[in-house]
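As structure tokens, the structure follows; a few thoughts come after it.
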Amino acid sequence: MSTFKEGLQDVVAATSSICFIDGDQGVLSYRGIDIHDLAEKSSFEEVCYLLWFGKLPQRKELDHLTEELARNRAVPEEVFHLMRRFPKDANPMDVLRTAVSALGLYDPDRQTGSAEANLRKTYRLTGQVATITAAIDRIRSGKDPLSPDTSLKHAANFVYMLTGKKPTPTAEKAFDVALILHADHEFNASTFAGRVTAGTLSDMHSAVTSAIGTLKGPLHGGANIDVMRMLLEIGEVNKVETYLENALASKKKISGFGHRVYNTEDPRATHLRKMSHDLCQSSGNGKWFEMSRMIEEIMKREKNINANVDFYSATVYYNLGVAVDLFTPIFAVSRISGWTAHILEQLENNRLIRPRAEYLGPQYPARYIPLSER
Ligand code: COA
């Protein structure tokens, strides 16, 4: 058996043609196209096409996909009914996970796992994860979910369903770029979980449910919530230094820092830092950006650790008026595109994913002691 690597660090678990990362050079690309180009020039719909079909779309192909995504946003009333019965203080990621699992029961293609059906499920899930995320916030505050607006693109429609208002061009652009930046990241933990589930030839809803449960954790997507909670707890610029000193002295992990793959700056953080700066300035909340910059400098100075995608996404969403506990579901609103791309890729050339463990238990053969003698 090959050597054990804790946390599967640097282990190549499969081949993939979706996402290329160079952790030493700080490069991230989808299908070979640099994330900086995509963030500046593309749209979430275009990135979905790129991830699912392996190339940039022609105008007609993009229009077709944009329409498909827009007309696949509806969530069955049965799922909203279920959501209305959940505790009002439920963790939104638990609600999202359970609602997506329930979607599988009502999906028109639930009896089939054909390639065509899985593509239809991909469109539906991408639309529905956004609808459910917006509905979580409305239902828990006693409001009805809003019907999607098919005239709006994905990012704008999401903001509309969440807030009841069409976003300003600045807010729409910020959400769209955030969706592009979070869309895929190779074999991150949630994508890997989704591929493991798909690899058993279970169904797409089960695979996405596995992925959502995995994204929830604070070492993964849950970190963006913890970043904002930390900033709120610190509260003021002049308290940053002492807070960080104490946290690092007690060996606390600072959320939003460190990465398994990047040894340089996470290229997504480069964009999110700029977005956070602009949004904090324009909303008059400059102190959150100032505090973030201080934390970043201290982490670099004391630990030589860089900010990751979750650090500045926290203040971006906060400035856009999103409830803090919705930050991770919003990550899922984007990452559903990457999860489904990887599930489709896994199924194209499937082999069960089943690694081995290095056994450290009692030596074999251990004697079976009958119950009466124990
Ligand atoms: N704050 C303080 N120290 C950190 C740190 C952080 N956020 N991230 C890593 N380190 C330190 C560890 O303490 C460890 O130091 P040591 O060798 O002196 O013990 C070293 O860096 C390696 O960290 P480790 O946790 O072993 O790396 P990993 O590859 O297993 O974990 C993360 C990667 C992302 C889970 C980890 O960096 C982390 O917990 N970050 C905070 C959560 C987060 O932001 N997650 C989102 C990731 S996109």
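The values are calculated or read from the model by the stated rules, or taken from the named source; none is laboratory data. Please read all numbers here as calculations on a predicted model, not as lab measurements. All Cβ positions, glycine included, derive from the backbone under ideal geometry; neighbour counts span all protein chains shown. Note: accessible area is taken over every heavy atom of the protein model, side chains too, but ligands, DNA and RNA are not part of it. Shrake-Rupley method; radii C 1.70, N 1.55, O 1.52, S 1.80 Å.
Details
The rows are residues; the columns are (1) of a type outside the set (K, R); (2) at pLDDT 95 or above; (3) open to solvent by 20 Å² or more (accessible area, probe 1.4 Å).
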site: T170; (1), (2), (3): yes, no, yes
site: H185; (1), (2), (3): yes, yes, no
site: A189; (1), (2), (3): yes, yes, yes
site: I212; (1), (2), (3): yes, yes, no
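- Any hit, the stretch 236-245, residues being within 12 Å of the ligand (Cβ to nearest atom) and within 30 Å of R31 (Cα to Cα): no
- Qualifying residue in the stretch 303-321 (condition: assigned to a loop (DSSP other than H, G, I, E, B), surrounded by 24 or more Cβ atoms within 10 Å (Cβ to Cβ) and within 16 Å of the ligand (Cβ to nearest atom)): yes
- When the stretch 98-146 is filtered for residues that are open to solvent by 50 Å² or more (accessible area, probe 1.4 Å), among the small types (G, A, S) and over 21 Å from K165 (Cβ atoms), the ones remaining, listed by number, are S101, G113, A115.
- The single condition among (1) closer than 30 Å to E116 by Cα; (2) in contact with a helix residue (DSSP H, G or I) (Cβ under 7 Å, 6 or more places away or on another chain); (3) within 11 Å of the ligand (Cβ to nearest atom) that A207 does not meet is (3).
- Hits in the stretch 230-244 - residues which are open to solvent by 50 Å² or more (accessible area, probe 1.4 Å) and either without any contact (Cβ under 8 Å) to a residue 40 or more places away in the chain or under 30 Å from Q346 (Cα atoms) (or both): E233, N238, K239, T242
- Filtered residue count, the stretch 264-297, keeping only those that are open to solvent by less than 10 Å² (accessible area, probe 1.4 Å) and either within 11 Å of the ligand (Cβ to nearest atom) or of a type in the set (D, E, K, R) (or both): 4
- Close pairs from the stretch 111-125: first closer than 9 Å to M204 by Cα, partner of a type outside the set (D, E, K, R) and in a helix (DSSP H, G or I), Cβ under 7 Å, at least 6 apart: N118/M204; N118/L344; N118/L347; K121/M204; T122/W52; T122/T340; T122/L344
- The single residue among V196, V261, V227 that is open to solvent by 20 Å² or more (accessible area, probe 1.4 Å) and in the same structural domain as D278 (by TED's automatic domain parsing) turns out to be V261.
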